[in-house]
1. Can you give the extra length, in nm with one decimal, that the chain gains between ALA374 and GLN8 once fully stretched, where that is 0.36 nm per residue apart less the Cα-Cα distance?
2. Taking segment 252-328, which GluC sites (Glu not before Pro) meet the DSSP loop condition and have no more than 12 other C-beta atoms within 10 Å?
3. Could you calculate the FRET efficiency of THR416 with PHE28 from 1/(1 + (r/R0)^6), where r is the beta carbon distance between them and R0 is 35 Å, rounded to 0.05?
4. By count of other Cβ within 10 Å, fewest leading, how are THR252, THR357, THR352, THR162 ordered?
5. Just to confirm my numbers, what's the Cα centroid distance between segment 221-280 and segment 32-105 in Å?
6. In terms of Cα to Cα distance under 19 Å, which lysines are near enough to LYS132, apart from those fewer than 8 places away along the same chain?
7. Just the Kirkwood number for the chain, please: inverse of mean 1/r across all distinct Cα pairs, in Å, one decimal.
8. Can you give me the three principal axis dimensions of segment 72-328 from its C-alpha atoms, in Å, biggest first?
Amino acid sequence: MKKFQYMQSAALLERAKKVLAGGVSSEFRKYNHPHALFYTHGSGSRIYDADGNEYLDFTLSQGPLILGHSHPRVLSAVQEYSAGGQLFAGQHIRELELAEQLQRLIPSAEIMRFCLDGSEAVQTAFRVARAKTGRPKFLRFEGHYHGWLDNVSWGISAPDATAAGSRNAPAAHAWSAGLPAGARDEFIILPWNDLPLLQSTLAERHGEIAAVITEPVMCNNGCILPQPGFLEGMRALCDTYGIALIFDEVITGFRLSLGGAQQYFNITPDLSVFAKAMASGYPISAIVGKRAWMDQITEGRVVHAGTMNAGNPTIAAAQATLQVLEETQPYERIFRYGQMLMSGLRRAAGRTGHQMTVSGPGPMFHTGFSGQPAIREYRDTLDFDRGLLALFISGMHDRGIRIIGRGLWYISAAHTEADIHLAVDTAEEVLGNMQH
Ligand code: PLP
């Protein structure tokens, strides 16, 4: 086995700590193995670090790289369109073309606005929902992630099952200091995939609730599909009480299908948010929705703005990404390879005597260590053995397979069948070396 060394990255990290807080530009980048690493380039399914290590990459930059690293069509579109300008503080035709393309692709996209990232698009959706309903709160679910801003910085992680509180009144844990006290009053939090509980809560409290926000597949703690009827029931309840149903499609968008989870599950939300896979890593997001809700922006009651919105490079990257996805339709292959990898990992775990739970639809999925056969909600993930997961992730990393530290895997159109076999064989070797 080739020995992976991280000495160059370690030295660069020490240098970075003198100028970048914690040595990084996003908190999650600290949690790499064995520490934050520096990368030099990526190509297709591979990424290379400053020590010259090559990795088969299943992190895909936390999701955006649905076409793999450095797709030539995306790079040349950005280069060509940026040559004529970067940002006009005004409209341009290709921005309009992109919006028309999204309107055609996404079922609920009657009308839209472009923003820079998922976090701010989520906040725009809340603002629209509050403005239309005149109600103050949104309802969210345990374990779901909706960005890092104040009112959503609760509820993604309880240290253990006791700290999670009762199911009917979960404890929301803040994951940052410095949050304004009032932000906690903006939301109600519930366990996911529990329609009766959602029903009783909305029956009692709908007068306070402007929006229900959900990841249509819960990807930020485990990777959990909605129970049959759950999203449908949520849709019906939101209709009954005049509440905005917001799908946070930051991960599922352009990953489950070109029209996102809403097309995949055939459920149309009122508002939804797209980001990551939309532009192969360039900073753009979209809030899309039904006119009846988006009119709040159209008619100028809700302000949505941003100096950097819809700049030329990001629009070109999004157009090229979506064109390649439309032309090549890689979804059947992405699902097939994802599911092939999932079954390979289950087999490898079985052969080495590990209780590994592998869950998700395929284009993204999660590996955790527990005897839990069926993961329904965040509370089920609290039993996962985080020590074993860390051993697995670091063992894979030291053999050139890069996975997100919380056990999430993403498949891209650039992964090949040989990549899948390599990942499965490596996993079997790593699992075979791990203590139970
Ligand atoms: N919503 C979901 C479901 C996410 O996974 C993320 C980021 O991972 C966000 C929102 C926030 O998006 P961004 O990091 O682009 O601000």
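FYI, it's all coordinate maths here, none of it is from the lab. All figures in this text were calculated on a predicted structure; none of them were measured in a lab. So basically every Cβ, Gly included, is an ideal-geometry build from the backbone, and we count neighbours across all protein chains shown.
1. In short, 127.6 nm is gained.
2. Hits after loop and neighbour filter: GLU299.
3. 0.80
4. Going from least to most buried by this count: THR162, THR352, THR357, THR252.
5. Using only Cα atoms, the two centres lie 24 Å from each other.
6. LYS290
7. 22.5 Å
8. 56, 37, 37
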